[in-house]
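First up is the structure itself, then whatever we jot down about it.
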Amino acid sequence: MIISKLRSEWPYISGRVAALLSRPLMLLALKHWGGNDLAATVAVVFLVTMLASAVSGFDTHRGFYQAYFGDQPVRGLRPSYRLYCGATTLQVVLVSPLLAVFVLYRFGDAALAALVAVYFSSERLADEAQRFLIFTGHRQEWGGRIMAKAMLQLAGVSVAAVLLGPAATHLAVGVLLVGNFVAYGAKLPWRYLPARWQDWKTGAAACLSQRLFWLLSMVTSFISYLDRVVVMLFQQTDMAVYTLLVSSMSIVQNAVDYFFVSLRRREILQGQLSLSGVFRNRRFYLTLGTAALAGCVASWVMLRLYHGQQMEHLELLPVVLLSQTALSVTLVLREIIYWNHSVQRLVWLEGGFIACTLAAASALRAMGQGYEVVLGMISVFFTLRMGLMILGISRSNNQAAIT
């Protein structure tokens, strides 16, 4: 079952484009008016915020979404929704201080650490509002709010960089969190947030009951941002330009998510999507190929805009393309495994992948290799991970057919 047909989609498509381009454009603006160090610092803020959002968002929405959007009617949705909101709030409250400590350790700036913690909170709550709009089919509203957020944030960080130059870090992060609250403040479930001790207690119980999903969220989020973590640890000054590359090439993931996954969310949720439904679908290959070409062109343009005539890091284009293509296919495969309740198997697979990748990266670093070589190795590992998931799903299907 398709959640909605492709009609009157321009607001949604515009929102997708805005979500894809807003951060690269912000980094270009910061580099132009504030310098590379300012752009690299904000790129690190983007990375750690995304990691914190993914790690803290361990699917407390799962139970409520299955009850609300499942094929069988369920009673007691309001308590389920209150539980979902309470657990989400608890996650934000617990992760925000940890994020602030990391930023303080990384930059030695208490004010920046506090701002990043609040920005993370706004980003996490905005993500929940966006997810619900998608599932309920309000794609035009989703696109409109994304557009509003993107324009506010881009205009704000540009003005901050023009006014303060290299010293615009605090104002830029402040503008980012204001943009989130302006765009999504009215959509947040304020009256369902925890107000009593019992609300916090039940929220904690919900989080503990889904600890397996928390582990899965931790390992998969780390994998998704592994390449940027490597660049941050090896050479933070290249964070902005590498983030531009990945953001441009993420057209591939966004296209697969929009033209394939997003149109089949109900089908995926109900466990009806199969391998044959993916790899025998012409639209899937057309989407993947067209997006790969568009991503290469966009990445080349971004490098040209960032460095001018003397373009640097052009050799990373095929590496990023391979990584993003493998991650795009894996995105679909993970949905099949996840919604068919094979979560424990997925945790073991992802955990093993991280262990092998970190061991190989450590060995390369001990040999004196730069982050470019490590990124090449990671792109190969991403491809092997994709193959292992295909084999795992095929084996599960064969066993189910036998039984």
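The figures follow:
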| quantity | calculated |
| --- | --- |
| At R0 = 51 Å, FRET efficiency that the Cβ-Cβ distance of His32 and Val93 yields, to 0.05 | 0.85 |
| Positive minus negative residues near Met151 (Lys, Arg vs Asp, Glu; Cβ under 14 Å) | +3 |
| Most to least packed among 242-250, 294-302 [average Cβ atoms within 10 Å] | 242-250, 294-302 |
| Radius 10 Å from Cβ of Tyr371, net charge of other residues (Lys, Arg +1; Asp, Glu -1) | -2 |
| Å³ per residue enclosed by the Cα convex hull of region 275-366 | 124 Å³ |
| Radius, Kirkwood style, for region 74-182 when every pair of distinct Cα atoms is counted (Å) | 15.6 Å |
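Each reported figure results from applying straightforward, stated rules to the coordinates on display, with no laboratory input. Computed from a predicted structure; not experimentally measured. Glycine gets a Cβ as well: all are built from the backbone with ideal geometry, and neighbour counts include every protein chain shown.
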